Amino acid sequence: MKITSNNWKRWAVPAAGSLMGLAVVFGIALYQFGWQSRAAYYVSRVIPYPAILVDWEMVPLHVYLSDREALARYWAFQRENENVLLGIPDQEEIRERLVAKLIAERVVRIWARTRHLVVTDQEAYLEWERLREKPEGQEEISAFVQQAYGWSDEQFIERVLRPFLLQQKVKAALIGEFGKSDEDLEQEALSLVVLAREEGADFGALAREYSYDATTAGQGGDLGYFGRGALEPALEQAIFNMEIGEVSDPVKSSYGFHVIKLEDKLTDEDGVAQKARARHILVRGFNFDEWVESQKRDIPIFRLVR
């Protein structure tokens with residue numbers, strides 16, 4: 001039978017219509033009923049269904065499904081680990097964390113593109129080798145990635161290392177553009193030390209006015225009572241070596257510089273301080289997480305998955 005142009009059109013048009021109809025029905029099952037399966041994953045690799053739109057850029061559905069399965073597997077793996085003391089998130093929390101992560105990654109990628117920032121293959125694989133350079137690290141890390149996430153080395157590099165390295169590049173660029181140097185922050189903290197040590201100074205009022213710690217600033221910088229091991233080592237060492245009522249010199253942590261006033265110490269029967277109560281004023285520069293949130297407020301974001 002000879003296939004003519006007209007015969008081809010008679011068969012092709014209905015076939016295309018049927019395929020489009022199937023795609024629509026499949027899409028309804030995915031979005032309306034939250035259908036998730038291996039079939040959904042494989043079909044979404046062929047048909048570009050979006051999971052999230054960030055500034056009209058698509059986070060593919062198959063990426064969302066793959067990452068969600070990997071995270072569910074990871075937390076199931078951790079549930080069997082007796083050394084894990086942190087709470088295990090439920091499926092809803094895993095899903096919400098993943099959506100937030102994917103949106104943040106896309107925000108970073110969009111900004112990086114405007115500054116021509118990229119992570120090269122060499123950078124990604126050098127970081128991977130750095131992680132594995134400890135004795136027996138190669139087998140241990142690869143085995144952990146496979147067991148915990150179900151990923152190959154290459155999948156881990158693409159889904160974890162590359163986004164992390166790009167975020168670090170963006171963070172460094174933003175700090176250079178908007179942030180302050182450690183020297184500037186330390187000088188700012190020193191000026192607050194002078195104010196806090198003045199006779200009759202109200203440390204709580206200074207914390208409310210100047211502290212960058214959104215959690216404690218409203219309470220006058222009050223950290224409450226805490227035991228040893230609750231804070232970073234530099235902060236703990238400074239606080240437990242202070243006298244009640246003393247105001248510290250600036251103490252550096254991963255958050256920035258802290259000016260601390262010791263309010264109280266509780267000792268054990270041997271006279272060793274085990275708990276302390278303190279107030280602090282945090283001086284910090286550029287905050288990356290706040291920047292991400294501000295970017296999210298300024299661009300259209302559409303979440304299509306539940």
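Every number here is computed from the coordinates shown, using simple stated rules; none is lab data. Nothing here was measured: the structure is a model prediction, and the numbers come from that model. Heads up, the Cβs are rebuilt from the backbone with ideal geometry, glycines too, and the neighbour counts pull from every protein chain shown.
Quick notes on this one:
- Rg to Rh, two decimals, where the range 65-198 supplies the alpha carbon set and Rh follows Kirkwood: 1.09
- Protection proxy ranking of 155-168, 182-195, by the mean of other Cβ atoms within 10 Å over each peptide's residues and highest first, is 155-168, 182-195.
- Estimated inter-spin distance, Glu123 and Phe164, nm [label 7 Å along Cα→Cβ]: 1.5 nm
- Taking the range 227-252 and a reference point 7 angstrom along Cα→Cβ of Val272, the backbone N atoms nearer than 12 Å belong to 228.
- Sites Glu177 and Ala100, calculated FRET efficiency, Cβ-Cβ separation with R0 22 Å, nearest 0.05: 0.35
- Distance from the C-alpha centroid of the range 254-275 to that of the range 221-249: 4 Å, rounded to the whole angstrom.
- Spatial offset of the range 101-132 relative to the range 277-306 amounts to 20 Å, using the alpha carbon center of each.
- In range of the label at Thr215: residues from the range 275-300 whose backbone nitrogen is under 20 Å from the point 7 Å along Cα→Cβ: 275-294
- Cα principal axis extents for the range 184-285, largest first, Å: 41, 31, 22
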